[in-house]
Amino acid sequence: MLDLLVGALVYSNLLALMAVGLSLALITCRVSNFAHGDFAMVGVYVAYTLSVVAGLTPYAWIPAAFAFGGLVSLLAYLLVFEPLRERTDLVTLMVVSMALDMVLRYSLHVYADLMQQWLRVYTRLFMFDDFLVEAAGSRLPGVLPASTAVVAALLASLYVLLYKTRVGVAMRAAIENPGLAEALGVSVRRVFALSWFLSGALAATAGVFLPFRIMVSPDTGWSMLLPTFAAVTVGGIGSLGGSVLGAYLIGFSETVLAYQLAQVGISTAYRPLLTFAAIIVTLLVYPRGLSGLWSGKGWSLRRRS
């Protein structure tokens, strides 16, 4: 049972970072970014490459993954989404994000092949070695305290940025009403660029923890998209706080469901059942998600139509 709870918490920590990052993209360009999972895999391969080259634990390269993932996301915004944002509709932007997903994913495949040739390491279906910590007479994987501490630090820093700084005021103004913000001298383009940088950086940071939990490959980011979208939908699109809460609800529920399926001899391949059901039921019953429970108050950056 302890292993189940540990796995659920670690998984939920990863989903929280992924969901908040996806929400930042949704409330700026209002596009369902299907390339978001690839930003997580960028973080994986940055940490993996540097750990192999320098001989240090992947934990040491979390700042590098954060920066590089943010840079990739920023370039995606500046080169793809920003030029199209005012010239096309949301459906086209979604299709473009799918195309970007394919470009990034197969670029990661190419990089994985090159990395395997140059560094002589496995670059597909690999995991990171972890350390163990003693707590209350139990031995816990290091990814549990590490991921929890990083998630808490990043989410707290993001909250301070958004609500305690002038940059945050500009970001919230630009997201809430871009036209009025421009008239008041706020550079919406720069604000959205910062939002996309943070979006990719958070996803890449989550990616670093992923190989401590499961076997990964360049395609793993795609499998993370469904639970991430479910977390954002259940939490309430446009609410960062709701996305965090939705991530922990989906993470724990999905992990427990997989365990229960295994206990009765049913394949865990049905694990995505809960996430699909959560998206459909939420949209049918309460489209505003959990954030609607506090009537738009709290940590919300919901953008007006």
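A few comments on the model shown:
- All positions within the range 127-147 that are closer than 21 Å to Met41 by Cα and in a helix (DSSP H, G or I): Val143, Leu144, Ala146, Ser147
- Subset of the range 267-291 that is over 22 Å from the mean Cα position of the chain (by Cα) and surrounded by 12 or more Cβ atoms within 10 Å (Cβ to Cβ) - its residue that is modelled with the lowest pLDDT: Thr268
- Residues in the range 34-76 that are among the aromatic types (Phe, Trp, Tyr) and more than 16 Å from the chain's Cα centre (by Cα): Tyr48, Tyr59, Trp61.
- Failed criterion for Thr28 (all others in (1) in a loop (DSSP other than H, G, I, E, B); (2) surrounded by fewer than 24 Cβ atoms within 10 Å (Cβ to Cβ); (3) not basic (Lys, Arg) hold): (2)
- If only residues of the range 50-65 that are among the hydrophobic types (A, V, I, L, M, F, W, C) and in contact (Cβ under 8 Å) with a residue 60 or more places away in the chain are counted, the one that is farthest from Pro141 (Cα to Cα) is Val53.
- Of the set (1) assigned to a loop (DSSP other than H, G, I, E, B); (2) touching a residue at least 12 places away in the same chain (Cβ under 8 Å), all apply to Gly265 but (2).
- Pairs where the first residue, in the range 10-22, is touching a residue at least 40 places away in the same chain (Cβ under 8 Å) and the second is not in a helix (DSSP H, G or I), C-beta under 8 Å, 6+ apart: Val10/Pro141; Val10/Arg213; Tyr11/Arg213; Leu14/Arg213; Leu22/Asn33
- Scanning the range 204-224 turns up no residue that is more than 22 Å from Met102 (Cα to Cα) and without any contact (Cβ under 8 Å) to a residue 12 or more places away in the chain.
- Residue that is at pLDDT below 95 and either closer than 22 Å to Val216 by Cβ or part of a helix (DSSP H, G or I) (or both), where the choices are Leu93, Leu108, Leu114: Leu93
- The range 233-262, residues that are of a type in the set (Ser, Thr, Tyr) and in contact (Cβ under 8 Å) with a residue 60 or more places away in the chain: Ser239, Ser243, Tyr248, Thr255, Tyr259
- The one condition in (1) hydrophobic (A, V, I, L, M, F, W, C); (2) surrounded by fewer than 23 Cβ atoms within 10 Å (Cβ to Cβ); (3) closer than 12 Å to Val44 by Cα that Ala206 fails to fulfil: (2)
- Number of positions in the range 89-104 that are surrounded by 13 or more Cβ atoms within 10 Å (Cβ to Cβ) and either under 18 Å from Ala47 (Cβ atoms) or hydroxyl-bearing (Ser, Thr, Tyr) (or both): 2
- Scanning the range 55-67 for residues that are of a type in the set (Gly, Ala, Ser) and crowded, with 23+ Cβ neighbours inside 10 Å yields a single hit, Ala65.
- Test: residue in the range 123-139 that is surrounded by 22 or more Cβ atoms within 10 Å (Cβ to Cβ), of a type in the set (S, T, N, Q) and farther than 26 Å from Asp113 by Cα: no
- Leading residue by the ranking (surrounded by the fewest Cβ atoms within 10 Å (Cβ to Cβ)) among those in the range 148-202 that are without any contact (Cβ under 8 Å) to a residue 40 or more places away in the chain and in a loop (DSSP other than H, G, I, E, B): Gly185
- Criterion applied to Val52, Val44, Val20 was being more than 14 Å from Met224 (Cα to Cα) and either buried (at least 22 other Cβ atoms within 10 Å of the Cβ) or modelled with pLDDT of 95 or more (or both), and the one residue passing it is Val52.
The values are calculated or read from the model by the stated rules, or taken from the named source; none is laboratory data. Note that the structure is predicted; figures quoted are calculated from it, not measured. Every residue, glycine among them, receives a Cβ derived from its backbone with ideal geometry; neighbour counts consider all protein chains shown.
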